[in-house]
Amino acid sequence: MASIGNDPGGRRRILFVGLDGKRHTIRLGKMPKRAAEEVKRRVEGLIASHMSRSPIDADTARWIAELPDNMAERFAAVGLITARQQRVTMPLKKFLDAFVARKRRAKPATKEIWGQVVRNLVEHFGADRDVTTITEEDAEGFKDYLIDEQLARTTISKRLQFTRGFFKFAVKKKLLAQNPFAEVSEIAVGLPNTKRFISREDTAALMAASDLMWRTIIALCRYAGMRCPSEVASLRWEDIDWNSGRMTVTSPKTEHHEGKETRVVPIFPELAPVLAAAFEAAEEGAVYVIGGNVRAKAMQPRGWRSCNLRTQFIRIIKRAGLKAWPRPFHNLRASRETELLREHPIHVVTAWLGNSPRIALKHYCMVTDHDFDRARGMAAAAVNTQSSREVSAPEGRGTESGAVGAQNAAQRLHATAREDSHDPRANPSATATSAKSRDSSRNPAKPTSGEGGIRTRGPAFDRTRL
């Protein structure tokens, strides 16, 4: 415990026994008793933190940061704080710029999004605000600022997430004892109205309104589920194995995750003729499936965001007589994943599309008219089957009334579907799919598109295999 000593002239001092067992004194000079009691409380808190080997709380850290230099020296002299914990100023803008500069492996698109958060922080706190003085209360004020900017809740959630990362770095660099944004968050709310299922009929209309390059882009997105523009523009002719019916997709988005640099995708029947036409039309020596200046634009500082394929795609949508939908390329990819999940297990589909089951179920899967039509058709078939059994039932055994029969038929429908799904003899297509999946894992795609990985018309291309 610490105590307050009174000296002549209204001067005061703090007396306490340090961790070394010795008696120490901090001279405060002329100070009101109430202010001296506050210093005494802080001293006791620092002693307790040292004894328990726990970090000091953010409020105490702010109090220390605001101490005059001469007083901070007295605290350091008795071992309560270190020289590093004396007043260390770090302007906010300088700190944030240093954080971004250190992340050399971050994608250009990621740095662009960080730039939006940096702009928000600087506008709210000021470029010269000392990072060490930002408290939990200030952090809540920043959240209120984002809300006042009328940003979507998902956007607020993401920007607070990045801000927590910035200040976690400040804690790591010993600028802060605790992260003031650690408990500041916003619930991200999904936006179901951004999901659109793009039917095959609409896809055909889009391709009819496009040239060959855009037909290839649309087919790769809609029927191979590839990300656009990064994966589509990265596909090379040497990545396509015509003989095995597979292609290796390079994924710039996930390449920083071990084992996620590439994935093997089937050349689906809907995709094969489009790729074949693009191959026939490609210039001799072409390396990439999508030509033009798409990749050249991607090499600019903004990365793949510089390609700006969206503007031209919106024109094609309108030319096809369709109404533009949100997230145009993502919904092509999501439509394909929704289709494939009707026929294949989720672990197979997500391996083909390069995402996870959790992400697929949350952001990709959709309920379509086809699902309702299929359910209605199965129920009608079960009722018709039951009705025919009632008509042909021998007299004396009894039959069910129409209403009761329909109800029982619907109940038996679920049981029948459940039993069929576990019987490989009753569902041979499932066995075939499983076998194909096992075969895919044993036989990765081998590039055979042409000599040296460029487009050639050699024997590797056999159109009879499509």
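Just so you know, all these numbers are worked out from the coordinates, no wet-lab data involved. Given the structure is predicted, the values throughout are model-derived calculations rather than measurements. Glycine gets a Cβ as well: all are built from the backbone with ideal geometry, and neighbour counts include every protein chain shown.
Gain in length, Ala204 to Arg295, computed as 0.36 nm per residue apart minus the alpha-carbon separation, to one decimal in nm? Display every interim value, and only then the final one.
Working: separation 91, 0.36 × 91 = 32.76 nm, distance 2.63 nm.
Full-extension gain reported as 30.1 nm.
How large is ³J(HN,Hα), in whole Hz, for each residue of region 23-28 in order, when computed from phi with the Karplus curve 6.51 cos²θ - 1.76 cosθ + 1.60 and θ = phi - 60°, using x for Gly and Pro?
7, 10, 9, 10, 7, 9
Please give me, ordered by residue number, the GluC sites (Glu not before Pro) of region 39-135 that lie in loop per DSSP and have at most 15 other Cβ atoms within 10 Å. Working shown, then result.
Working: sites: Glu44, Glu66, Glu73, Glu112, Glu123; in loops: Glu66.
Passing both the DSSP loop test and the Cβ count: Glu66.
What residues have an amide H closer than 5 Å to that of Ile81, excluding those fewer than 5 places away on the same chain, when H is modeled at 1.01 Å from N in the peptide plane?
Ala76
Trypsin sites (Lys or Arg not before Pro), restricted to region 158-234: which are DSSP loop and have at most 16 other Cβ atoms within 10 Å? Don't skip to the end; give the middle numbers.
Details: sites: Lys158, Arg159, Arg164, Lys168, Lys172, Lys173, Lys174, Lys195, Arg196, Arg200, Arg215, Arg222, Arg227; in loops: Lys173, Lys174, Lys195, Arg196, Arg227.
Sites meeting the loop and neighbour criteria: Lys173, Lys174.
What do you get for trypsin sites (Lys or Arg not before Pro) in region 56-132 restricted to DSSP loop and a cutoff of at most 16 other Cβ within 10 Å of the site's Cβ?
On the way: sites: Arg62, Arg74, Arg84, Arg87, Lys93, Lys94, Arg102, Lys103, Arg104, Arg105, Lys111, Arg119, Arg129; in loops: Arg87, Lys103, Arg104, Arg105, Arg129.
Listed in order of number, the matching sites are Arg87, Lys103, Arg104, Arg105.
Note down, for region 3-85, the three equivalent ellipsoid semi-axes (square root of 5 times each alpha carbon gyration tensor eigenvalue), biggest first, whole angstrom. Show your work: numbers first, answer last.
Numbers: eigenvalues 82, 43, 28 Å².
Ellipsoid half-lengths, sorted descending, are 20, 15, 12 Å.
On a C-alpha basis, how far is the centre of region 92-128 from the centre of region 320-334 in Å? Whole number, if you could?
First find each Cα centre; the distance between them is then 32 Å.
Ranked by Cβ crowding within 10 angstrom, fewest neighbours first, how are Met247, Met213 ordered? All intermediate terms of the calculation are to be shown ahead of the outcome.
Numbers: Met247 27, Met213 15.
Ascending Cβ contact count within 10 Å gives the list Met213, Met247.
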